[in-house]
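Computed from the coordinates by the stated procedures, all read-outs in this text should not be read as laboratory data. This is a predicted model, so every value here is computed, not measured. Cβ atoms come from the backbone with ideal geometry, glycine included; neighbour counts cover every protein chain shown.
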Amino acid sequence: MSKIYKLRAWLKSQLLTKYSNIMTIVAILIVIVTSTCFTLFSHYFAKVQISSTLDTIASNSIGDYRNTIGNYHDFMESVVNNINFDCGISDKKVLEKKAYNNYNIKKIDVETNKKNKCSSFSDSNFVEPQYDTVFIKSFNNNLSLWVNSNKENGNSILSLVWKDVRGRVSIYFEPRISDIMRNQYCDNCILSVITTLDNYEKEIYFHHDINNLSKLPPLNTKVFNNGVVLKNHVDPKLLSVISMDLKPLLFIVGAFFGMIVFLIVNYYIKRKLSLHSLILKGITRKEFIPYYQPIIDVYKNEMYGCEVLVRWWFNGKELILPDDFIPYAENSGLIIDITDVLLEKTLMQLSSVNWQDSSAIISINMIPGQLEDKQHMREVVDLIIKSSISPKQIAFEITERMSFSDLDKAATVIDYLKAQGINVKLDDAGTGYGSFSYIQHFNLQSLKIDKMFVDTIGTHDHKLFVLDSIIAFGKKAGMEMIAEGVETKQQSDYLLQNGVYLQQGFYFSEPLKFEQFCIFVEQNKRKH
């Protein structure tokens, strides 16, 4: 496992040395990939563009009709009430005024019961339509909305028709939507179909359907006031042309998006690699130093041993706390090299104060990956044996907050360590992956109760029951139990009353530099 971690560390160190070149290639790849992906959606964006354009045209055109005439019945009634149905001067003025004042009205016909016919024109080019007429909607006995279509010429208009005992009034509305919707790329690329919500079978085509577009599903559908429904069918050829036109723009947008992605990735990698690089340098310079937190046997009122905690003395000037680098070091595998540096310094420092003459224990944290690598553990054991400290004075604490990838391999390594006299303890008991299955699988005889549970003492937190369960389990299994994070006398007394004699925490001492720890040890000796 350590080989894998070292390989990852080596790859990252290589990335650091060639960062500029590698990230240039990464930037190019990201830009190419994102740009290509964007162009792959050109067909979709073509649909969106055409649909949006048709929506705008339809809204403007039919919306003009709607805004002009409002309620069909009220509008037509206002026209009819001002007509005498005699084709006289008064009628002509009304018809001309209506036609010229509104560009949507292209013609008004009045036909009397006497067969007289009078008309008004707003457009000199307007030709009397000879259309097939398809009924769309009837509003009442007097008023109907019609669509008139000449399929041969591809023209169409909307008309309102009023009939009563006096005669008939027909009003023709334009502009012709079909002409507006014709596309610059090809003829008859768009088929517009008008229908009504209550009469779906009565359809009128806005130009002759020579391309059979009506067989295609409509690209968009709009429903207007008065129950008018407009559907637009689009020729796939038009979509292909628009799609090709959009690809260069989408490629540029994709490249821009890719650069943003690259900048984010680059920032993240730089941040991680900078920490990685600094940790590598720290390992080389042996900037990681041990701090010692005493473990007290409260029952005997003497020091049982200490736990070794790592601190980073960055550049020999700045102290960096574990939370700022341990998570990354564990995930990257650099924690293995940090632990080696820490153990080497610990053995050297404590040997210098004759630690071997006592029976005190030194506890050092290990991650599961370290205990799955027997070769590396052999090197660690050799380092201990070469020092004056006895392996029996060494304990490795494995955190339960990280999982083992191979329990059988770890069990073999742990058995090897036990054979050398090194005790292995379960740290953070009850907080992580293995729960107490690790105790059974590895046949462990020592566990550490996490601060999370110690903090519940004196409270009504439900985790207090978990603490009692852990203690009861430890007693039943005949295990050595150490409580960490003890900060108050109340906590210490509660643990003592429940048979947890070995305790550590700020109530006794904070983690100490070597010089401070030596003073603490001397003071503890004087008490006895």
Based on Cβ point charges of +1 for Lys and Arg and -1 for Asp and Glu, what charge dipole magnitude is obtained for the range 450-526 about its Cα centre, in debye rounded to the nearest 20?
-> 220 debye
Which net charge results when you count Lys and Arg as +1 and Asp and Glu as -1 among the other residues whose beta-carbon is under 13 Å from that of Ile361?
-> -2
List every residue whose amide H lies under 5 Å from the amide H of Arg311, counting only residues 5 or more places away in sequence or on a different chain, with H placed 1.01 Å from N in the peptide plane.
-> Ile289, Tyr291
Which of His462, Ser403, Ala472 sits closest to the plus end of the dipole of the range 362-489, meaning its Cα is farthest towards the positive end, when Lys and Arg get +1 and Asp and Glu get -1 on the C-beta?
-> Ala472
Applied in sequence order to the range 75-84, the curve 6.51 cos²θ - 1.76 cosθ + 1.60 (Karplus, θ = phi - 60°) yields integer Hz couplings, x standing for Gly and Pro, of 5, 5, 5, 5, 6, 4, 5, 9, 10, 8
Show the residues, 5+ positions off or on another chain, whose built amide H is closer than 5 Å to the amide H of Glu397.
-> Ile364, Asn365, Met366, Lys425
So for the range 383-528, using the alpha carbon gyration tensor with a ≥ b ≥ c as root eigenvalues (a/c under 1.5 gives rounded; past that, a/b versus b/c decides prolate or oblate), I'd call it oblate
Let me know the charge dipole size of the range 338-464 about its Cα centre in debye, to the nearest 20, where only the beta-carbon of Lys, Arg (+1) and Asp, Glu (-1) is charged.
-> 240 debye
Taking the Cβ of Ser51 as the center, what net charge do the other residues with Cβ under 15 Å away carry, scoring Lys and Arg +1 and Asp and Glu -1?
-> +1
Starting at the first residue of the range 486-493, write each ³J(HN,Hα) from the Karplus equation 6.51 cos²θ - 1.76 cosθ + 1.60 with θ = phi - 60°, in whole Hz, x for Gly and Pro.
-> 6, 10, 9, 5, 4, 5, 4, 5
Given Lys300/Lys489; Lys317/Lys425; Lys93/Lys222; Lys345/Lys386; Lys392/Lys489, the pairs whose alpha carbons are separated by over 25 Å | Lys317/Lys425; Lys93/Lys222; Lys392/Lys489
So the FRET efficiency between Glu77 and Cys37, C-beta based with R0 = 60 Å and rounded to 0.05, is 0.55
Amide H to amide H under 5 Å from Gly421: which residues, 5+ apart in sequence or cross-chain, H placed 1.01 Å off N in plane?
-> none
